[in-house]
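Notes to accompany the following structure.
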Amino acid sequence: MRYIMPAMRVSADIAFKEWAVVVDALSHGEQILIVRKGGIRENRGEFQVDHRAFWLFPTQYHEAERSVIASKRPALRELAATAASDAVDIQFYAVADPVVGIAGASVLGRLQGRHVWAEDVLQQRFEFGRETGLHALIVRVYQLPRPERLPLRESYGGCKSWVQLEHTVAGEVTPLVDDAEFARQRDEIIELVSDHACANS
């Protein structure tokens with residue numbers, strides 16, 4: 001018997017900026033992790049988990065081929081080549097469940113294979129700033145049937161994680177990974193980081 005993913009209706013105007021190639025990996029179920037340190041325009045350069053549910057806002061900003069694993073570089077190039085210069089497609093909704101703080105560098109190696117970032121890039125993020133560490137958001141990702149294209153606004157720019165969209169995006173979304181598979185991956189990741197993480201669920 002085929003499992004039918006349950007739909008839910010969402011309505012939100014908050015979006016989270018993330019590399020298009022990472023959004024692509026999230027949308028294909030290749031990872032359920034978002035890792036963040038902080039942007040230079042954020043409060044004291046530190047990332048704050050201001051929202052636990054948000055639209056994913058794909059961006060080409062700061063992307064470089066060496067920053068992702070080799071198998072994702074063709075996707076990165078294709079996404080960059082087809083990206084609109086004056087608009088952004090909003091289609092994927094994420095719910096963080098939970099958020100963990102990674103305080104030990106040894107954890108980064110354990111997470112290889114569960115995300116598309118190059119290991120040295122995460123190491124640089126971990127060491128950047130006054131204090132070492134990273135925020136890891138374990139996210140359940142949902143999909144609109146069709147993307148909603150929004151014009152790019154000046155207010156969306158800059159090195160920051162959160163943006164308030166000019167208008168609310170609403171619709172029925174369905175999860176990309178079923179309940180059991182998401183729970184399995186989430187529990188495995190929590191176990192991998194447990195001795196160096198502070199859970200904020």
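A few points about this structure:
- Residues located in region 78-107, provided they are modelled with pLDDT of 90 or more and exposed (fewer than 13 other Cβ atoms within 10 Å of the Cβ): Asp86, Ala87
- Options Ala80, Ala136, Ala75, Ala87; residue that is touching a residue at least 40 places away in the same chain (Cβ under 8 Å) and closer than 19 Å to Val193 by Cβ: Ala136
- Against the conditions (1) in contact with a Lys or Arg (Cβ under 9 Å, 6 or more places away or on another chain); (2) open to solvent by 70 Å² or more (accessible area, probe 1.4 Å); (3) at pLDDT 85 or above, Ile40 satisfies every one except (3).
- Inter-residue pairs, beta-carbon under 6 Å, first among the aliphatic types (A, V, I, L, M) and in region 7-25, second assigned to a helix (DSSP H, G or I) and open to solvent by less than 30 Å² (accessible area, probe 1.4 Å), 6+ apart: Val21/Lys72; Val21/Ala75; Val21/Leu76
- The residues listed here are Val163, Val193; of these, the one that is closer than 28 Å to Ser71 by Cα, of a type in the set (Val, Ile, Thr), open to solvent by less than 60 Å² (accessible area, probe 1.4 Å) and not in a loop (DSSP other than H, G, I, E, B) is Val193.
- Test: residue in region 147-160 that is over 15 Å from the mean Cα position of the chain (by Cα), among the small types (Gly, Ala, Ser), farther than 14 Å from Glu18 by Cβ and at pLDDT 90 or above: yes
- Residue tally, condition open to solvent by 70 Å² or more (accessible area, probe 1.4 Å), in a loop (DSSP other than H, G, I, E, B) and closer than 21 Å to Glu188 by Cβ, over region 114-130: 0
- Test: residue in region 147-159 that is touching a Pro at 6+ places or on another chain (Cβ under 8 Å), farther than 26 Å from Ser67 by Cα and surrounded by 14 or more Cβ atoms within 10 Å (Cβ to Cβ): no
The values are calculated or read from the model by the stated rules, or taken from the named source; none is laboratory data. Quick caveat: nothing in here was measured; it's all calculated off a predicted structure. Cβ atoms come from the backbone with ideal geometry, glycine included; neighbour counts cover every protein chain shown. To get the accessible areas, we keep the full protein, side chains included, count just its heavy atoms, and leave off ligands, DNA and RNA. Shrake-Rupley method; radii C 1.70, N 1.55, O 1.52, S 1.80 Å.
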